[in-house]
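Data first, discussion second: the structure below is written as structure tokens.
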Amino acid sequence: MENNNEQALRQAGLSRKTNETDIKLSLNVDGSGVSELETDVPFLNHMLDLFTKHGQFDLSVQARGDIEIDDHHTVEDIGICLGQALHEALGDKKGIKRYASVFVPMDEALAQVVIDISNRPHFEYRATYPSQQVGSFSTELVQEFLWKFALEARITLHVIVHYGSNTHHMIEAVFKALGRALDEATLIDPRVKGVPSTKGVL
């Protein structure tokens with residue numbers, strides 16, 4: 001007889017190859033914070049490492065892109081792949097908590113991430129950074145990454161940077177908060193019977 005209390009593995013892997021990028025990505029929602037990241041965008045590697053560690057996921061990304069133009073296509077396509085992997089890994093979403101709201105400070109900066117794993121993609125972003133660049137990384141790519149991630153994951157995602165004076169700290173707080181919020185929203189709650197929606201489906 002099947003044990004209904006046995007949790008299916010919540011993981012997914014995929015590849016995406018275009019004329020602009022070549023990406024292989026795998027995600028384990030119920031991981032231990034281990035990342036293996038090989039991309040052409042060092043700052044994004046750093047942010048994804050923080051996301052993985054603080055979300056207690058396991059994430060592997062191998063990505064090559066047309067960075068001789070700029071980082072845009074690589075960052076965007078990694079966001080697409082990560083969102084698709086999360087959507088696939090969560091399956092029917094039975095038993096999840098669904099919602100989360102997390103504040104994370106990073107020294108003088110404070111970020112908030114609010115999530116609804118709703119199957120209704122929506123993204124709100126409130127952030128003004130003192131600098132347009134962190135090293136060679138354009139800060140406008142943070143919004144691009146998060147929007148494509150939310151779209152492909154089919155989640156409602158609100159990101160607010162309340163204040164800060166160091167752009168690196170502000171973005172770091174966002175990715176840490178994103179990891180922690182997703183960890184909370186995807187947790188299996190034994191009190192939840194079936195899908196956490198009066199519609200009966202997510």
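Since every read-out is calculated from the coordinates, none of them should be taken as a lab result. If you're wondering where the values come from, they're calculated on a predicted model, not measured in any experiment. No Cβ is skipped: glycine too gets one built from the backbone with ideal geometry, and neighbour counts run over all protein chains shown.
Coupling constants for the range 189-194 follow from the phi torsions by the Karplus curve (6.51 cos²θ - 1.76 cosθ + 1.60, θ = phi - 60°), and in residue order they are 9, x, 6, 7, 9, x Hz; glycine and proline get x.
Excluding Ala185 itself, what net charge comes from residues whose Cβ is under 11 Å from its Cβ, given Lys and Arg +1 and Asp and Glu -1? So the surrounding residues net to 0. Here the range 11-186 is treated with +1 on each Lys and Arg Cβ and -1 on each Asp and Glu Cβ, and its dipole about the Cα centre works out to around 780 debye. For the range 156-202, the Cβ-based charge dipole about the Cα centre amounts to some 220 debye (Lys, Arg positive; Asp, Glu negative; other atoms uncharged).
Taking Cα atoms only, the orientation of helix 140-153 departs from the longest principal axis of the chain by about 20 degrees.
Note on the range 148-202: dipole from Cβ charges, positive end direction compared against His169, Phe149, Gly194; the farthest Cα belongs to Gly194.
A simple count of charges around Ala89, restricted to other residues whose Cβ falls under 14 Å of its Cβ and scoring Lys, Arg +1 and Asp, Glu -1, yields -2.
For the residue pairs Lys17/Lys93; Lys53/Lys97; Lys94/Lys199; Lys53/Lys148; Lys53/Lys193, alpha carbon separations beyond 24 Å are given by Lys17/Lys93; Lys53/Lys193. Would the range 38-140 count as rounded, prolate or oblate if I go by the C-alpha gyration tensor, calling it rounded below 1.5 in a/c and otherwise prolate when a/b exceeds b/c, oblate otherwise? Oblate, because a/c is 1.5 or more while a/b does not exceed b/c. Applying the Karplus relation 6.51 cos²θ - 1.76 cosθ + 1.60 with θ = phi - 60° to the range 34-47 yields 3J(HN,Hα) values of 9, 10, 10, 10, 10, 10, 8, 10, x, 5, 5, 3, 4, 5 Hz, where x marks Gly and Pro. Based on the Kirkwood approach, the hydrodynamic radius assigned to the chain is 17.1 Å, with every pair of different Cα atoms included.
Selection among Leu50, Ile117, Phe103 by position relative to the dipole of the range 1-118 gives Ile117 as farthest towards the positive end (Cβ unit charges, Cα centre).
3J(HN,Hα) couplings calculated from phi for the range 52-64 with the Karplus curve 6.51 cos²θ - 1.76 cosθ + 1.60 (θ = phi - 60°) are, in sequence order, 5, 4, 7, x, 6, 9, 10, 9, 10, 9, 10, 9, 10 Hz; Gly and Pro show x.
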